[in-house]
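Below: one structure, written as structure tokens.
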Amino acid sequence: MYLLILLLPLIGALITGFGGRWLGYYGASVFATMCVSISMVFSLLAFYEIGLSGTVCYISLSPWISSGTLSVSWSFLFDSLTVVMLVVVTVVSSLVHFYSISYMQDDPHFPRFMSYLEVFTFFMLVLVTGDNLVQMFVGWEGVGLASYLLINFWFSRLAANQSAIKALVVNRIGDFGLSLGIFLIFYIFHSVDYLTIFSLTPLFSLHYLQFMGLEVHSLTLVGIFLFVGAIGKSAQLGLHTWLPDAMEGPTPVSALIHAATMVTAGVFLMIRFSPLIEFSPVVLTILIIVGSLTAFFAAMTGVFQNDLKRVIAYSTCSQLGYMIFACGLSCYNVSIFHLSNHAFFKALLFLSAGSVIHAVSDEQDMRRMGALAKVLPTTYSLMLIGSLALAGFPFLTGFYSKDFIIELSQVSANPNLSNINGAFACWLGSLSVFFTAFYSFRLIYLTFLNNANSSRSIFYNIHESSNFMLLPLIILSFGSIFIGYLTKDLFIGPGTDFWKTSILTLPNHSYFIEAEWLAIKIKWLPFVLSTSGILLASLINLTSFRFYIHMKTHKFWMFLINKKWYWDVIYNRIFVYPILKFGYFVSFKNLDRGFIELSGPYGLSRLVLLWSKISVKLQSGQLTHYIFFMSIGLCLFFSIMSNSLYGFSLNLHLVSFYLVLIFFT
């Protein structure tokens, strides 16, 4: 059963991809969706057997690499953390497959699309089930490849080509950091197996590496390299630029990337390596700072986006920041709790956005929508549920996880705990709550409630989506309402032993007890900030209040927010343009078109042409010249023969003979 969870998406991808021409639209849709749905059922059974029954399953298939002390095998680890990720990935993927049957029905390459979705699901399952770093890295690179294929699915569009290449290149930077982390782990522990590394980690808590006369803490350096990989995949500040551009792919792709697969890989890596990260306070500090800055930056930037999908994309970036700085607070169970909750309401938001885009003839600019609540009442209701869950409205799914992260940051900001970074995370996280609620309801107003701004022909042709598209939305809406309440005590309740040994938190790093005893007025802070953001969005959209327009055109806000903090400009000026110039003027013109061509077939042909011109000039037609060349050749032959037979004793005689011959000729 456990292996079928992985094999079914792979089988579906191969048969749908290579046999799509014969399966056709109906065959590809039924076969692909059935494979992932059966995998989802097995994942739920695994969740019951491992998560609820308290067991661990370890499967070793066969050895893979054996060289010296390096021993890698194809083996799988199913513990509490793994089965939670399996349920999240397979449930969201199954609903996305079902949704795509109707959304992509007019696309002539539908079987290829379904095959790519299953490839994405398969590699994500490989990533979360591997019991060693090398096997995890296979899945890590696989989801990067699948994201490139899906973002670039409509490859005839230039924007899709550029976005896919950007996602691949930016992620390669993070992947390089992860590769260095894997090499360093093997150098220190002489193993890449999780169980070996985690059991030996406490023994290396005081281990240092000597590098250029400096002593570097081993676990800190490993944690930094691993976090660089997480920055790339989970789109943290610095390597986040690929995430908004990934919206060029079809909407089901956006839902799968942002809710369950690629962006959650970095968070999963940090949680999986909690037994190692816990022994490095420097890495925990970096997680807090980068995560809180990412949450704040993305929330501010999302306020001024006008593309429907980009607003939701920046909200994903912001929520990933919450998950990362929750890991920095050593609250890994809260981070995975927010990850599982976020998967449901983020998938709901993206698929609802796809329903809106599908209805308005592929228009994505919110300023050209409006008044859609009257013609799309079901989609409006479902998107309102997703937006409320994202904003942390009480008793919805997002409320139970995001608000608790804010409470933990407030506890860690307590001066008695001497945690300055906690105060940093508390302020930025709390401000992000306000901006999140604001842009969520700005989206609702511009899309559904304000006056219609679309053309009359488009507005009159708007109709509700088919049942194939609405059924996954309804299921996700129930998840967005109830999942947080149903799993709160199981995942983060006081005294729960659900996670067992899959997550390690040192006793002096836990803030759970203090969070339970926070003052009531402090616990109300996230709700007050969310309500304030909703009220401000309502005030701006329901009245003639011009504060938003003035703020948007102000130079300071233009610099910080409207231009996304100029990250793209900085990258282009510092990295992209110099590399392109170097590639053209140095690599291309001097090496490719210079040295390499001259030393290759092109240079050889030029040499032959030059020798032919010299040979033509030597053909003078005079008999004395021909006698001279023949004599020179004959003497050269004899000199070679004499050197080989008698050594070099005849060289002087031959030289004098040449001179005499030349003189008389």
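What follows is calculated from the coordinates using simple rules that are stated; it is not laboratory data. Owing to the predicted nature of the structure, the values given are computational and were not obtained by experimental measurement. Reconstructed Cβ throughout: ideal geometry from the backbone, glycine too, with neighbour counts over all protein chains shown.
Side notes on the structure shown:
- For the range 68-109, the spread of Cα positions along each principal axis, largest first, Å: 54, 26, 8
- The angle between the Cα long axis of helix 651-664 and the main principal axis of the chain comes to about 70°, on a 0 to 90 degree scale.
- A simple count of charges around LEU351, restricted to other residues whose Cβ falls under 15 Å of its Cβ and scoring Lys, Arg +1 and Asp, Glu -1, yields +1.
- Cα pair distances exceeding 14 angstrom across the range 1-73, given as percent: 69
- Estimated 222 nm signal from helices in the chain, with DSSP H stretches of n ≥ 4 weighted -39500 (n - 2.57), rounded to 500: -22000 deg cm²/dmol
- For the range 203-250, convex hull of alpha carbons as volume per residue, Å³: 94
- Under 12 Å, Cβ to Cβ, from PHE155 - net charge with Lys/Arg +1 and Asp/Glu -1: +1
- Radius of gyration and Dmax over the Cα atoms of the range 235-301, both given in Å: 13.9, 42
- Stretching the chain fully between LYS523 and HIS625 yields a gain of 26.1 nm (0.36 nm per residue, less the alpha carbon separation).
- For the Cα trace of the chain, dividing Rg by the Kirkwood Rh returns an Rg/Rh value of 1.16.
- Taking the C-alpha atoms only, the angle from helix 218-233 to the longest principal axis of the chain is near 80 degrees.
- Positive minus negative residues near SER315 (Lys, Arg vs Asp, Glu; Cβ under 13 Å): +4
- Only one residue of LEU237, GLN135, HIS342 has its Cα farthest out toward the positive end of the dipole of the chain, where Lys and Arg carry +1 and Asp and Glu -1 on Cβ, and that residue is LEU237.
- Once C-alpha pairs closer than 8 Å and six or more residues apart are averaged by separation and normalised to the residue number of the range 109-155, the relative contact order reads 40 percent.
- The alpha-carbon atoms of the range 1-160 define a convex hull whose volume equals 124 cubic angstrom per residue.
- Charged side chains reduced to their Cβ positions (Lys and Arg at +1, Asp and Glu at -1) give the chain a dipole of some 2040 debye around its Cα centre.
- For the range 287-404, average projected area of the Cα convex hull in nm²: 7.1
- Taking a ≥ b ≥ c as the square roots of the eigenvalues of the alpha carbon gyration tensor, the range 72-194 is oblate, as a/c is not under 1.5 and a/b does not beat b/c.
- Under a 5 Å amide H cut-off, with hydrogens placed 1.01 Å from N, SER71 pairs with VAL192 among residues at least 5 apart or on other chains.
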